[in-house]
Amino acid sequence: MKLNAIYKYQLVDHRNAVLIFCAVILAVMALVPMEITFSSDILTTNQSSQIAGLDMAPAVFLFICGLNAFKENFLFALQNGISRKSLFVNRISVAVTLAVAMALFSLLLLALGKLIESPASGIAYSSLLSMIYQSTGTVPFSGLSEYLVSFLFLTVLFIAAQTLGYFITVALYRMNKKQKISYIVGFYIVVFVVLPIIDMFISGQISTILLKFLDISMGISAHNPFIGMFSLLIFSIIATGLTWILIRKTGVKN
Amino acid sequence: MNGIEINNVTKTFGDTLALNQVSLTFEPHKIYGLLGRNGAGKSTLLNIITNRLFADSGQVTIDDLSSVENDMAQGLLYLMSEKNLYPESMTCNEAFKWTKQFFKDFDLDYALNLAKQFKLNTKKKIRSLSTGYTSIFKIIIALSVNTPYVLFDEPVLGLDANHREMFYRLLIEKYSDNPFTAIISTHLIDEIANLLEYVMIIKNGEILVNESCETLLSNGYSVTGTIKHVDTFIADKEVIGEDVLGGLKTATIIGSLNKSTVPEGIEITNLDLQKLFIKLTNEE
């Protein structure tokens, strides 16, 4: 009963945000054909409008959900006699539930995109999967396989996004004020100042290595989303393990 | 039921020793007073029992179940803590409904009835409650949760005299109807002295006193009378406190009383728990 309750509580915690997000995305989808219908420019010059990577938005949204999913839930769980382990296990279940729900929502967007996509309407819709893994000369995903692969890829991507957000928020909770400021400021300085400067002096070798790593780990050049799914899964497992190490001994802070 | 058993629990925060080899037992169906000065280690002990903090060493069991990371053991107790652990954006009504989901014996009707008695607006969000009403909100849950062990950490924080009186009355009513173990940590010793069956006093992280209230209070007595009479009577006795009001003086004395030696004009009453507490916990 208590375990059901903590699962339900954590899921309900995201309900309003998820509903608002879905409504906004659907409104955006509805606005595109309306905008094209009423835009005289497009009708007269026969330009096309492209909706691309709209399903990246849920990944960002779920990352933020992950960032906001720890402190309140942790304290509320302890108040109600729920152990850290039960909270964490149920958090994983909630993350998977949200990822599956959002992946299904993205498939709905894909279906709607396909519906409104036509040369006559001037709208071209491409999913995140197509954007990353299709390039000129490769066989495009189509039909049921596109939906199936998209669903799997997005589910794993959304789990990874939440896992990263949750890990960051748990790590920040464990830190004291000085540590928090040092890590946040240090991160920005290293990523946005130090690394670009060093990169500039060594003829862009760092960015080349990073891009190559991203390319190989995500299977982009290989046009294989399953490599990407595998890497995201490994990333999620590592981040989840590290999060558990941080959570298992954490206490209520004054 | 074996109660809450604490064995050799030690807890440090950096260089501060909060609890030092603490061992004690809270038996079922009794009302305990957990007393101590600020920073004595009361809240730390309650937080360790309820799995909110981990002890550095030692064990805590609740009805023979380890309290550490154990949902079943933790389901047997409820801590009304000084610190609010409820989401601030939650309304009182929502908090009641969620508590019902976590504790199957939570009496929602009773909670709503108490809210009415305390005039708590249950539609209000927790963040908008005053300090007093935040305490009332938590008291209502603690009195309605119906777990075998209910721990109160500073339950009357910010409450006016009427609401404090109401809380003590409700606690006794609840205990009489359906006995449970209540552990009350408070600084308002005078007010709860009559409620307590057992007293535990913590000083600098160590248990100083662990006795029944009756036994503890039989260690001394108070005398009241004119200043002259009282001064004469207490001349050869161990006095732990004196109060003078107008021409009357009250002195608190440690030691046994020989009633035949009490002169006329002196009134004898029970030992004042607060006075004894101050005497025992004074650093000098």
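Scanning segment A:60-98 for residues that are within 14 Å of another protein chain (Cβ to nearest Cβ), touching a residue at least 12 places away in the same chain (Cβ under 8 Å) and either under 14 Å from the mean Cα position of the chain (by Cα) or not in a helix (DSSP H, G or I) (or both) yields A:68, A:69, A:70, A:80, A:81, A:82. Considering the conditions (1) touching a residue at least 12 places away in the same chain (Cβ under 8 Å); (2) under 30 Å from residue B:209 (Cβ atoms); (3) within 12 Å of chain A (Cβ to nearest Cβ), residue B:126 is excluded by exactly one of them, (2). Number of residues in segment B:167-186 that are in contact (Cβ under 8 Å) with a residue 60 or more places away in the chain and open to solvent by 50 Å² or more (accessible area, probe 1.4 Å) equals 1.
If the condition is being over 24 Å from residue B:214 (Cα atoms), surrounded by 21 or more Cβ atoms within 10 Å (Cβ to Cβ) and charged (D, E, K, R), then segment B:1-50 contributes only B:11.
I'd like the full set of residues that are more than 9 Å from chain A (Cβ to nearest Cβ) and at pLDDT 95 or above, limited to segment B:81-94. B:91, B:92, B:93, B:94 - these are the residues of segment B:81-94 that are more than 9 Å from chain A (Cβ to nearest Cβ) and at pLDDT 95 or above. Do you know which of the residues in segment A:236-251 that are away from every other protein chain (no Cβ under 14 Å) and hydroxyl-bearing (Ser, Thr, Tyr) is surrounded by the fewest Cβ atoms within 10 Å (Cβ to Cβ)? Among residues in segment A:236-251 that are away from every other protein chain (no Cβ under 14 Å) and hydroxyl-bearing (Ser, Thr, Tyr), the one surrounded by the fewest Cβ atoms within 10 Å (Cβ to Cβ) is A:240. The set of residues from segment B:93-118 being over 18 Å from residue B:167 (Cα atoms), in contact (Cβ under 8 Å) with a residue 40 or more places away in the chain and not aromatic (Phe, Trp, Tyr) comprises B:95, B:99, B:105.
Filtering A:25, A:6 for residues that are at pLDDT 75 or above, within 14 Å of another protein chain (Cβ to nearest Cβ) and surrounded by 17 or more Cβ atoms within 10 Å (Cβ to Cβ) leaves a single hit, A:6. Sub-7 Å Cβ pairs linking a first residue in segment B:188-213 that is closer than 26 Å to residue B:176 by Cα to a second residue that is part of a loop (DSSP other than H, G, I, E, B), at least 6 apart or interchain, are B:188/B:156; B:192/B:186; B:197/B:30; B:198/B:30; B:212/B:197; B:213/B:196; B:213/B:197, ordered by first then second residue.
Between A:240, A:163, A:169, A:250, the distinction of being among the β-branched types (Val, Ile, Thr) and part of a loop (DSSP other than H, G, I, E, B) belongs to A:250 only.
Answer yes or no: is there a residue in segment B:25-38 that is of a type in the set (Val, Ile, Thr) and part of a strand (DSSP E or B). Yes: one or more hits. Within segment B:77-91, does at least one residue satisfy the condition of being in contact (Cβ under 8 Å) with a residue 24 or more places away in the chain and touching a Gly at 6+ places or on another chain (Cβ under 8 Å)? Yes: one or more hits. Evaluation of residue B:194 against the conditions (1) open to solvent by 30 Å² or more (accessible area, probe 1.4 Å); (2) at pLDDT below 90; (3) within 30 Å of residue B:62 (Cα to Cα); (4) part of a helix (DSSP H, G or I) shows that the sole unmet condition is (4).
Of all residues in segment B:39-46, at least one satisfies being without any contact (Cβ under 8 Å) to a residue 24 or more places away in the chain and away from chain A (no Cβ under 11 Å). For residue B:238, are the conditions met, namely being open to solvent by 70 Å² or more (accessible area, probe 1.4 Å) and either closer than 23 Å to residue B:84 by Cβ or not basic (Lys, Arg) (or both)? Taking the combined requirement at face value, the residue satisfies it. Can you confirm whether residue B:173 is within 15 Å of the chain's Cα centre (by Cα) and assigned to a helix (DSSP H, G or I)? When the stated conditions are applied, residue B:173 does not pass them. Any residue at all in segment A:136-151 that is open to solvent by 20 Å² or more (accessible area, probe 1.4 Å), in contact with a helix residue (DSSP H, G or I) (Cβ under 7 Å, 6 or more places away or on another chain), assigned to a helix (DSSP H, G or I) and at pLDDT below 85? Within segment A:136-151, none of the residues are open to solvent by 20 Å² or more (accessible area, probe 1.4 Å), in contact with a helix residue (DSSP H, G or I) (Cβ under 7 Å, 6 or more places away or on another chain), assigned to a helix (DSSP H, G or I) and at pLDDT below 85.
With the structure loaded, tell me whether residue B:103 is touching a Leu at 6+ places or on another chain (Cβ under 8 Å) and either on the phi > 0 side of the Ramachandran plot or of a type outside the set (S, T, N, Q) (or both) or whether it fails that test. No; evaluated as a whole, the condition is false for this residue.
Exactly one residue among A:124, A:101 is at negative phi, open to solvent by 50 Å² or more (accessible area, probe 1.4 Å), more than 14 Å from chain B (Cβ to nearest Cβ) and among the small types (Gly, Ala, Ser), and that residue is A:101.
Please specify each residue of segment B:55-80 satisfying the condition of being more than 22 Å from the chain's Cα centre (by Cα) and at the interface with chain A (Cβ under 8 Å from one of its Cβ atoms). Selection gives B:69, B:70, B:71.
Of all residues being among the aromatic types (Phe, Trp, Tyr) and under 27 Å from residue B:23 (Cα atoms) in segment B:144-170, which is farthest from the chain's Cα centre (by Cα)? Just the residue, please. If we take residues in segment B:144-170 being among the aromatic types (Phe, Trp, Tyr) and under 27 Å from residue B:23 (Cα atoms), then B:149 is farthest from the chain's Cα centre (by Cα). Taking the criterion of being closer than 18 Å to residue B:219 by Cβ, in a strand (DSSP E or B) and open to solvent by 90 Å² or more (accessible area, probe 1.4 Å), the only residue of segment B:243-280 that qualifies is B:270. Condition first: open to solvent by 20 Å² or more (accessible area, probe 1.4 Å), under 18 Å from residue A:114 (Cβ atoms), away from chain B (no Cβ under 14 Å) and at pLDDT below 95. Can you find one or more residues in segment A:37-45 that meet it? No, because not a single residue in segment A:37-45 is open to solvent by 20 Å² or more (accessible area, probe 1.4 Å), under 18 Å from residue A:114 (Cβ atoms), away from chain B (no Cβ under 14 Å) and at pLDDT below 95. With respect to residue B:65, is the statement that it is among the hydrophobic types (A, V, I, L, M, F, W, C) and touching a residue at least 40 places away in the same chain (Cβ under 8 Å) true? Judged against the criteria, residue B:65 is not a match. Does residue B:151 satisfy the criteria of being hydrophobic (A, V, I, L, M, F, W, C) and outside any helix (DSSP H, G or I)? Here the answer is yes, as residue B:151 does meet what is asked.
The values are calculated or read from the model by the stated rules, or taken from the named source; none is laboratory data. Remember, it's a predicted structure, so these values are computed and weren't measured experimentally. No Cβ is skipped: glycine too gets one built from the backbone with ideal geometry, and neighbour counts run over all protein chains shown. Calculation scope for accessible area: heavy atoms of the full protein, side chains included, ligands and nucleic acids excluded. Shrake-Rupley method; radii C 1.70, N 1.55, O 1.52, S 1.80 Å.
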